[in-house]
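Q: The structure is given below, and queries will be raised subsequently.
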Amino acid sequence: METAALVVPITGLELFQHRFLLAGEGPVLSVYIIQPRPNVGASLSVLQHYRIHGIRARSRDVVSTRSSTVIIHGQQEDEKHSTSERSFYDFAIFGGRAVRLVRLHLGFKDVEILHLEVLGPLLELQDWALDVRWLSADNQSLLCVAVAHNGALLLDSTTGSALVQCSCLEGCLLYSALLLVHQSWTDAVLVGGTVFNQLIIWKPGREDGMINSGHKAPVQRRLLGHSGVIFSISYLQEKGYLASASDDRSVRVWGVGALGGPGGKCGDSNPTCLRVLYGHQARVFSVHLSTGYVFSAGEDGACLIWDLEGGGKVIRTMKGHRAGGVRSLAVSGGTGDDERWVATGGADGGVRLWMVEDGEENKESLEEKLTDLKFPGPDLPKVVCIAGGEEENMCWSQFSVCTDRGTVCQYSDGSWETVWEGPPEFYSYCVMDTVTAFLKNVASTVTLCAVGNISGSIQVFPTSHPLSGVRLTGRPGKIHSIFWKKGADKLYLLASGAEGFVYRWCVEVKMKENSLLVLSLVPVPSFLLPLCSKRWLTAAICLQHHSNKELWVCGDRRGSLLLFQEGENFELNRTDHEKVNEGLQPGVKTRTMEEKNHDLTMRPLSCLFGVHGKHGVTSVSKYRGLFYSTGKDGCVRIFRVSQTQPEESNGDLHLEVLRVQRACRGMEWLERVLILESEIPEELGEECENVIRGELREARFVIAGFHAVHFVVWDPVRQERLMVVPCGGGHRSWSLWLSHTGIWSGRGALVFIKQGAIMTSQPPGEMLGCAGVAGRTGGWSLREGIHGRGIWCVCRLGRIEEIGIDSQTHKGDSKMYWEIVVTGGEDTSLAVLAINTVSGIVKVLSVITDHISGVRTVTATTQLQGEALSALLLSAGGRAQIQCNRLLVVWDRQRMTPSCQVIHVASHRLDIQWERKQNRHKTVKMDPESRYMSIEVLEEKTGWVLVVLSCSDGALRLFSVSEAENQIDLLWETFFHQRCVLCVATCSLQDGKGNR
């Protein structure tokens, strides 16, 4: 049986020649090619059961080889090259108590080919190796090794024997060590970070130059100041600076002078601390010094870049790993373009690559690059939006603002101008929205603006011809919200007024021969929202149904999702009719609703009442057949419009939630969903296949919203921030500009109001910065991270076959398969993984975040449906919570990758069930800390599963799961055990005929 490390913490990284990144993934050494495009080149297990903690390179000249034996992915192959030229590089790989030499071969034919070869046996030591260095003047393979008990070895890597062994007089334990070597053993200097929070400098070689094994050397220098153990040490020879990273969350920079070199210098006699850098929220694991900068990475998952010469400030923060932090860091030397690579390895098993430019100051930090547009007073801005609306790909240079005095101003070409001045009824309160409309008789566009006030009036006007505006006067009461929405070939204006009425107009704009604009607003039947305390519209989208009737999917302030259909569910309400007529005041340039339309109000066909909680729905969007809604409950809900079966009803349409996706912890105020640009097929056509076994495929998306005082774009799969703007929080007017409508391409900018000023995250008119450009803020993901904390359970679902051009070229029965595995962990998430057993590539297909506590156990019932793998996934864990999801996994022929669709079936919690009990005051409430430890399927039938779970309160509980009714019911429980039940298993007793 072979064991392969698939997901392990990345504990060793080394950037080599600006072309390669070597990563220690447990005992496996992987080589990534980073130029011209990052990808994996080769991989080989080298340290058996030890983790790789360091990689040290020793270059070799280019030589001509006629034959070579290489080991690729554990397989030995003989390759003969009679004329091809090879170069190779030797590396010392160390970790734990082992050291091994590995050779990297570079083949130059049509493309660059990498091969890894193990040189010699595994060299096992008596102590933990903390650092390894090659002797530069040595023609043989001699290594200097620093070990954990404050000692050093001169190691012959060919024979594995220690030629010299030396220790320090101060026999303490080291947490980190740095060896500085020159040409010989007598030139070596060791800097150690002790368990007593000190840095000590000493020389393993004797002062008289004699090599004497067993020599005990005195401490030459001692650096005091840290209040925690020291995890990492770095030295910058050009400046004579030494940097140390500690458990006390700090990085210290010391002026020590010259260390090492000829004669083994030990630096200044009185070294001083130059900087104390505090910026990490947890322990600092790694530090690297370069000219003018300090790079540090820690347990908080952040890699910080400090301006060493400019006051020791953080000039850039790079985050891309989940909980557990960054365990390894590598930084390349500067290139001719003053660019350098930064690589980080996380406890989540992920490897990220970043590009950093020297002297960039705050150029890459969106958190501090804000621009004030200098809005002229004395009026205070109340509403801001991008001129033309966010749904249009307008240029990032024009904004519209409405003030507390009812004045609409527009920013363009660096200056402000007043467009419209409202009468007194528009003072103190207003709502506003803009849109770009097409002229009916001219091939041109115009920007329309609609402003609503507290008395029920709406002013609609073109920003270029405000005198052509039209005043709409509805029934008395506040206009809560106003929206421009586009249908198939129509433009609608929606205004949400008092008592749940949403008035609608169909708008047309024409240009007369004298270049005057004429607005035509035709009233259409109003929407009537369900009765509730906060009864106004917050989001809406119009779409064309296959029945050629327009559908409206809306969200309200109560958190409900509503479905309306044009021409359906009309109701004549005389009371409503009379109330509406009371507020109609026809006059000059005033358009009132026609009598027949006032009599008609449309009630929703379907309503998911309060599905987003009491704080309301913030957005509804549609992409390729599925709908995505966000709310202030911290959730994204993926849903669809379904048709009930004719035998159940008249085939009416209704809304059906497929699953719920949560954002990160603390991010409750979600504003919208943006589709990732990488998910957009090149043809961008609706005819593009988007179905998995009859189910619409969910797109990969990111979430925009507010996290504390920041506006954040969050990737829920990679668990990372793609954009951060310190706007002050969500209680303000704002607008987001995207280079493509509803699509996150890595570029975006925010305009918002803060303390009476109009602020932007990017200067208007400027090419948008690097918010998400690969390698700049988000970096390249060379290896995806899985769980930042412990993995508590694993379940294999099955495998799917890779179908495509490459798979068809395999000879005979050599087919390519991807294993589908689900893991649950301490971070409360479930990860659906696809694993290529040949290459070892792990792809994250989906991350399910429905659990509120750690996931302890998971099981599934699976079946193949043609080329697709269907699984009913059951997971359980803390807070006595059970989640049930339907997974459909298939090979995506268009994207040439495995694809997974998740549909939420049901959930269950014991405390919620207890709250629903009658006479519950007569019963003892279950322990809120109860957790499920194990789950097993007892019986499976079509659409129904019987499962048993063991619980920490000593109980065994039996549940039925009905997929048809989307329900989990507790059938039976017993408290036979007195303590926590760790595991449960099923067995079947049968007679000779196979009967149970």
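Q: Going 7 Å from the Cα of residue 912 toward and past its Cβ, which residues in the range 877-902 have a backbone nitrogen under 16 Å from where you end up?
A: So the set is 877-886.
Q: Of the cross-linked pairs 490/534; 440/485; 478/534, which ones have a Cα-Cα span greater than 19 Å in the structure shown?
A: Over 19 Å Cα-Cα: 490/534.
Q: Which whole-Hz ³J(HN,Hα) couplings does the range 183-189 yield from phi under the Karplus relation 6.51 cos²θ - 1.76 cosθ + 1.60, θ = phi - 60°, glycine and proline marked x?
A: 10, 9, 4, 6, 8, 6, 10
Q: Please report the accessible area of residue 707 (heavy atoms, 1.4 Å probe, ligands and nucleic acids excluded) in Å², nearest 10.
A: We get 40 Å² for residue 707.
Q: For the range 599-625 and the range 827-855, what is the centre-to-centre distance using only Cα atoms, to the nearest Å?
A: 31 Å
Q: Return the sequence-ordered ³J(HN,Hα) values of the range 603-608 in whole Hz as given by the Karplus equation 6.51 cos²θ - 1.76 cosθ + 1.60 applied to θ = phi - 60°, using x for Gly and Pro.
A: For the range 603-608, the Karplus-derived couplings read 9, x, 5, 9, 9, 9 Hz, x marking Gly and Pro.
Q: A further question follows. Considering only protein heavy atoms, with the full assembly of protein chains and a 1.4 angstrom probe, order 16, 564, 976 by accessible area, largest first.
A: 976, 16, 564
Q: Using amide H atoms built 1.01 Å from N in the peptide plane, name the residues 5+ places from residue 722, or on other chains, whose amide H lies under 5 Å from its own.
A: 713, 714, 715
Q: Express in Å², to the nearest 10, the accessible area of residue 697 obtained by rolling a 1.4 Å probe over the protein heavy atoms while all chains stay in place.
A: 20 Å²
Q: Name the long-range amide H neighbours of residue 477: under 5 Å, sequence gap of 5 or more, or other chain; modelled H, no Pro or chain starts.
A: 456
Q: With a point put 7 Å past each Cα toward its Cβ, work out how far residue 122 is from residue 988 in nm, to one decimal.
A: It is 4.2 nm.
Q: With θ set to phi - 60°, apply the Karplus curve 6.51 cos²θ - 1.76 cosθ + 1.60 along the range 285-291 and write out the HN-Hα couplings as whole Hz, x wherever there is a Gly or Pro.
A: So the J values, rounded to whole Hz, are 8, 9, 9, 9, 9, 9, 4.
Q: Could I ask something else about it? Hey, can you grab everything whose amide H is under 5 Å from the amide H of residue 758? Only 5+ residues off in sequence or another chain; H modelled, so Pro and N-termini drop out.
A: Placed amide hydrogens put 373, 374, 375 under 5 Å from residue 758.
Q: Mind giving me the FRET efficiency for residue 412 and residue 518? R0 is 22 Å, r the Cβ-Cβ distance, nearest 0.05 is fine.
A: Plugging the Cβ-Cβ distance into 1/(1 + (r/R0)^6) gives 0.35.
Q: Sticking with this one: With every protein chain kept in the model, how would you rank 496, 739 by accessible area, 1.4 Å probe, largest at the top?
A: 739, 496
The values are calculated or read from the model by the stated rules, or taken from the named source; none is laboratory data. As the structure is a prediction and not an experimental result, all values here were calculated from the model. Don't worry about glycine lacking a Cβ; one is built from the backbone with ideal geometry, like all the others, and counts go over all protein chains shown. Just the protein is used for accessible areas: all its heavy atoms, side chains included, with ligands, DNA and RNA removed. Shrake-Rupley method; radii C 1.70, N 1.55, O 1.52, S 1.80 Å.
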